[in-house]
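The values are calculated or read from the model by the stated rules, or taken from the named source; none is laboratory data. A quick note: this is a predicted structure, and the numbers were derived from the prediction, not measured. Cβ sites come from the backbone with ideal geometry, for glycine too, and all protein chains shown count toward neighbours.
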Amino acid sequence: MQVIDNITALKDVIGKKKKKGLRIGLVPTMGFLHEGHLSLMRAAKAENDCMVVSIFVNPLQFGVGEDYVEYPRDLEGDKKLAAAAGCDLLFSPSVREMYPRGYATFVEVERLTNSLCGLSRPGHFRGVTTVVAKLFNLVCPDRAYFGQKDAQQAFVLQKMVADLNMDLQLIIGPTIREADGLAMSSRNKYLTPAQRKEAVTLYKSLQEAEQSIAAGEREAEVLKQAISQRISAIKGACLDYVEIVDTTELCPVLLISGKCLIAVAVRFGQTRLIDNVIVEV
Ligand code: PAF
């Protein structure tokens, strides 16, 4: 596995691979790799000739008072995991390399970023789309891999790729869960043992909503109330949002029909966890 931290060297290596006609699969990450990332890497390895992983904790997607500084980092551990997953090229640039002095260009997807996490984390998706657009320009992937756990991010990136006519395919891998159902996330590391035990309620409440829908419930408000009550009953947890939206514009729906995204965000102290399911009736 080649490890590169500067853009000139990256472009040189990518140019050579492209000249040979190799298909490139990119897995963009912020590091502190877990099974969710590794499952995307395995898919990227199987479907492309060359697997590139980027590790970059992107300051642009963290708001004031968020966990940019504390965000868990373990580059040496990540290198071992990425190499074992078959990564051919690991790109881990510095902040200055990605955003040199005087940097002034940003990519913004409108409307889809005005709900869910876009409301509680202003500017977050602008940071995500800017860094991902830069990574796409640098790595020129044929396919790029993201997880369903960050559902809104996946929809926003799909919109960016379509609207800007980017010539690549986005592959959205399933949410990978711990044995008890908690969605894997680098931020799970922040949870105390008691919070970790309670955190499984996010997924349980989503599963209960799925069961209610299967039993015939269609009122979004009834489903949201049930999730909200379940989460509000957890001591020390604070519901950021529970929302049910359509899967094109991510606008709240009144009734479940067609495909809908049910998404929750919950704070356990300083730790903010998200989870979601897509239902179809
Ligand atoms: O999902 C993430 O880890 C990040 O938002 C991404 C896509 C790597 C951009 O920084």
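The sole residue among 75, 135, 112, 116 that is crowded, with 18+ Cβ neighbours inside 10 Å and under 22 Å from residue 10 (Cα atoms) is 135.
Residues in region 190-224 that are surrounded by fewer than 14 Cβ atoms within 10 Å (Cβ to Cβ), in a helix (DSSP H, G or I) and not acidic (Asp, Glu): 193, 194, 197, 207, 211, 214, 222.
Exactly one residue among 67, 78, 88 is in contact with a Cys (Cβ under 7 Å, 6 or more places away or on another chain) and of a type outside the set (A, V, I, L, M), and that residue is 88.
All conditions in (1) assigned to a helix (DSSP H, G or I); (2) surrounded by fewer than 20 Cβ atoms within 10 Å (Cβ to Cβ); (3) out of contact with any helix residue (DSSP H, G or I) (no Cβ under 8 Å at 6 or more places or on another chain) hold for residue 165, with the sole exception of (1).
Scanning region 121-133 for residues that are within 15 Å of the ligand (Cβ to nearest atom) and on the phi < 0 side of the Ramachandran plot returns 121, 124, 125, 126, 127, 128, 129, 130, 131, 132, 133. In this entry, residue 144 passes the filter for residues that are assigned to a strand (DSSP E or B), within 16 Å of the chain's Cα centre (by Cα) and within 10 Å of the ligand (Cβ to nearest atom). From the list 10, 89, 22, the one residue that fits, being modelled with pLDDT of 95 or more and either surrounded by fewer than 16 Cβ atoms within 10 Å (Cβ to Cβ) or under 18 Å from the mean Cα position of the chain (by Cα) (or both), is 22. For region 51-69, the tally of residues that are free of Cβ contacts under 8 Å to residues at least 60 places away in the same chain and more than 13 Å from the ligand (Cβ to nearest atom) stands at 4. Selection of first residues in region 21-32 that are on the phi > 0 side of the Ramachandran plot and of second residues that are more than 8 Å from the ligand (Cβ to nearest atom) and of a type in the set (Phe, Trp, Tyr), restricted to Cβ pairs under 8 Å at least 6 apart or on distinct chains, gives the following pairs, ordered by first then second residue: 32/71.
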